1. Contact order normalised by length for the chain, with contacts defined as Cα pairs under 8 Å and 6 or more residues apart; what percent is it?
2. So what is the calculated 222 nm ellipticity per residue for the chain, using -39500 (n - 2.57) for each DSSP H run with n of 4 or more, over all residues, to the nearest 500 deg cm²/dmol?
3. Please get the size of the charge dipole for the stretch 262-353, origin at its Cα centre, with Cβ charges of +1 on Lys and Arg and -1 on Asp and Glu, quoted in debye to the nearest 20.
4. Roughly how far apart, in whole Å, are the Cα centres of the stretch 323-350 and the stretch 226-294?
5. Mind jotting down a quarter of the surface of the convex hull over the alpha carbons of the chain, in square nanometres, one decimal?
6. So what is log10(I(q)/I(0)) for the stretch 297-353 at q = 0.12, 0.18, 0.28, 0.30 1/Å, when the Debye sum runs over its Cα atoms only?
7. Using mean Cβ contacts within 10 Å as the protection proxy, how do 51-59, 280-288 order, highest first?
8. Taking Cα atoms, how many degrees apart are the long axis of helix 61-71 and the longest axis of the chain, rounded to 10 and kept between 0 and 90?
Amino acid sequence: MILVTGGAGFIGANFVLDWLAAGGEPVVNLDKLTYAGNLENLASIADDGRHVFVRGDICDRALLDRLLAEHKPRAIIHFAAESHVDRSIHAPAEFMRTNVEGTFTLLEAARAFWGALEGEAKQNFRFLHVSTDEVYGSLAPDDAPFTEQHPHQPNSPYSASKAASDHLVRAWHHTYGLPVVTTNCSNNYGAFQFPEKLIPLMLANALAGKPLPIYGDGLNVRDWLYVTDHCAAIRAVLARGTPGETYNVGGWNEMTNLEIVHLLCDLLDELRPDAAGSYRRLITYVKDRPGHDRRYAIDARKIERELGWRPAETFATGIRKTVAWTLENQAWVRHVQSGEYRQWVTKNYAERT
Ligand code: NAD
Ligand code: DAU
């Protein structure tokens, strides 16, 4: 058994699907099902006996103790988090609760469970913490990409909460010897991404004929990685990573937001042409995100050198698959555009115009 937290969200669900497809051992999937968690992401394994879904909160210590005692996982893969920067600016409290207190609670439960193990089970146990490149802060145009040695310099409530969780994970290894590994990954994209994030939001808006809201000048740079490549990197770190180490994960693919949106418009023009003209006509510049990090870039040489992982997809292949998935799964998009989603869109974008 492995215990996955947040496995009904975007990356967690992709991880669980890929893990089971690759013949991995059974999964206990603990997820609170916040607005971002969606059992529809896991519909294809609804009848798979290797997947046990538990609705619950990582802040619930009694639940964690019960799940660990019952299922005796050989690893915990920790995805559960509040993950959207703009939401963290509007309402940071939940980010502190889930990302900091939740990670602390999970670490304490893991420590108690692992402490009682013996022999090989104790030696082989792993706590894999899924983190982000945003903890490193922002780069100037000519700065070298983030290495694992780059200091944590978080700038948003979200990244500060993830940085705090990274520090807790590090300390639980250093002080208690808990066998942890941490991954710091760049921006993911792919199937099942909630349409509050740049790529799925732009696709959903374009297909609905709505404005494509570019924050600021659109020249902020992100590194983009196809989600199944992130899942493969996590599997590699789980299998071969050294306890106490952190591994940067990235796509070697820096692009400005404007370049991304232009490419999405061009792909839609090709695959779903609109009689009204190119989707680029919908591009609209709006008020910038407060404290908007200018550039992230990941040096992913360590994971390649030590664990033999490199992304399999290029951005060209991954984004084409993502656009095709979106066009084929419009029902999924409609379902997640619930009342809560509409409220968020009104709140976030009304004050930017
Ligand atoms: P997501 O927001 O799509 O999913 C988060 C999941 O966690 C949801 O299913 C939600 O219901 C669950 N969750 C939230 N609070 C919980 C709680 N208290 N208890 C249990 N479950 C809870 O996020 P994502 O984009 O899939 O990101 C997953 C992880 O990867 C996060 O830790 C994030 O920081 C990290 N990450 C994301 C990216 C990215 O580009 N999306 C990149 C690098 C790292
Ligand atoms: O770098 C990894 C991080 O990537 C993850 O840790 C986060 O969980 C994930 O949300 C993502 O954070 P970003 O803030 O980079 O992603 P987002 O999709 O929100 O925004 C990407 C860029 O696009 C950013 O520069 C802001 C810009 N943007 C975003 C939205 C939603 C716009 O210009 N318009 C928008 O409407």
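1. 17
2. -12500 deg cm²/dmol
3. 240
4. 17
5. Numbers: hull surface 67.5 nm².
Over all viewing directions, the chain projects a mean Cα-hull area of 16.9 nm².
6. -0.60, -0.83, -1.03, -1.08
7. Values: 51-59: 18.0, 280-288: 15.3.
Final packing ranking: 51-59, 280-288.
8. 70
The values are calculated or read from the model by the stated rules, or taken from the named source; none is laboratory data. Because the structure is a prediction, the values reported are computed rather than measured. Cβ coordinates were reconstructed from backbone atoms using ideal geometry, including for glycine residues, and neighbour counts include every protein chain displayed. Ligands, DNA and RNA are excluded from the accessible area calculation, which covers all protein heavy atoms including side chains. Shrake-Rupley method; radii C 1.70, N 1.55, O 1.52, S 1.80 Å.
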